[in-house]
Each structure stands twice: as structure tokens, then as C-alpha cells.
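The block underneath contains the structure these notes are about, expressed in C-alpha cells.
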Amino acid sequence: MKIALYPGSFDPVTNGHMDILNRSLSLFDKVYVCVASNPNKKTTFSLEERIDMLKKSTQDLKNVEVTYTNDLVITKAKELGASAIVRGLRAVTDFEFEFQLAASNSYIDSNIEMVFLMSSVGLGFISSSSIKEMVSHHVDVKDLVPPIVNEYLKQKYQSQ
């Protein structure tokens, strides 16, 4: 069984994330979507909220399981028996960061491959940060996020 880990902060999950996940399911028998803590990021949603949004957004997808880690992603991948870590690339600027990350992960465990999937046409501009920025300025983002995420965003930004 080919297992992959798809990590991210998912703050919140977007249709861009869902696109990468759906496409990775055609490559792997099972994909763990992992909410990874990043001490360099201040999140808008709690860990519990992000896990809930992901679970509800992926509930109809077979062979997907939502998990989380406070450890290195490569350590979580090893723990789950993953042979690959899936990452999405939106632009050239993403590549530079991801290249360094891949080199670090390879140093730790060269048996776990990094698999990069380019954003689908029309989704490359979507990021969690841009979603939150738009919502904070009262832009309707319902076409850019799963329905449950849209509800969470409305609740979070309703008082602003």
C-alpha cells in the first residue's frame, strides 16, 4: 500500500488544498492530511477548528485520514509508514522554500520522497492568507473554500 502524508497549517483549508489532496489520491492508496504546527505562523483558527474543518471537508473522500503533529513532518510520515510527503506548488517562490524543505527531509530520511503537485489552473492564486484577507474586507469567498470553511470564516469574521 502506497501511503502519503499531506501536511500544512490549513488555516483554513482552501479549494486549492482540496485540489492537491484529490489529485494525490490518484497517486496513493491512502493519504493522511496532517495539520502541522509551525512556530513561525500565528494561526487564526485553533488546532481543533482546523482538524474539524478538514474532517468535514474530507468526509466523503475514501482513503483519507486527518491527523496532526507538533513534531517534524518527516517524523510523522515515518510514524505513519508514509513513503512520500505531498506538497503543493503555486508559484516559483514556493519552489525555493520547498526545495530547502525537501533537502532537509532527505537528510533526515532519504527513504521518504517529496512529491510536488502544481496548482491546477485557476487555483494558483488561492492561499489561506489571501482568503483571510479577503474575508476581513467582506469579500465572499464561498467559491474558494469548502462549505464548512465558509461557515467558520463567517463566524470568525462576523464581528469585524
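What follows draws every value from the coordinates through simple rules; no lab data is involved. Source: prediction; values computed, not measured. Every residue, glycine as well, gets a Cβ built from its backbone with ideal geometry; the counts of neighbours run over all protein chains shown.
Tabulated data
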| item | result |
| --- | --- |
| Residues within region 140-160 that are in a helix (DSSP H, G or I) and of a type in the set (D, E, K, R), tallied | 3 |
| Top-ranked residue in region 44-67 [being over 18 Å from K154 (Cβ atoms) and among the polar types (S, T, N, Q); ranked as surrounded by the fewest Cβ atoms within 10 Å (Cβ to Cβ)] | Q59 |
| Options L47, L27, L72, L89: the member that is touching a residue at least 40 places away in the same chain (Cβ under 8 Å) and of a type in the set (A, V, I, L, M, F, W, C) | L27 |
| Per-region count, region 102-119, residues surrounded by 16 or more Cβ atoms within 10 Å (Cβ to Cβ), of a type in the set (A, V, I, L, M, F, W, C) and outside any strand (DSSP E or B) | 2 |
| Matching residues in region 12-31 - criterion: being under 23 Å from T75 (Cα atoms) and buried (at least 22 other Cβ atoms within 10 Å of the Cβ) | V13, H17, I20, L21, V31 |
| Where Y107 falls short, out of the listed (1) hydroxyl-bearing (S, T, Y); (2) closer than 22 Å to N38 by Cα; (3) within 18 Å of the chain's Cα centre (by Cα) | (3) |
| One residue from L89, L54 being of a type outside the set (S, T, N, Q), in contact with a Ser or Thr (Cβ under 9 Å, 6 or more places away or on another chain) and closer than 28 Å to K2 by Cα | L89 |
| Residue match in region 125-142 (condition: without any contact (Cβ under 8 Å) to a residue 12 or more places away in the chain, more than 16 Å from G16 (Cβ to Cβ) and surrounded by 13 or more Cβ atoms within 10 Å (Cβ to Cβ)) | no |
| Residue match in region 37-48 (condition: within 14 Å of Y68 (Cα to Cα), in contact with a strand residue (DSSP E or B) (Cβ under 7 Å, 6 or more places away or on another chain) and not small (G, A, S)) | yes |
| Single unsatisfied condition, G122 versus (1) in a helix (DSSP H, G or I); (2) out of contact with any helix residue (DSSP H, G or I) (no Cβ under 6 Å at 6 or more places or on another chain) | (1) |
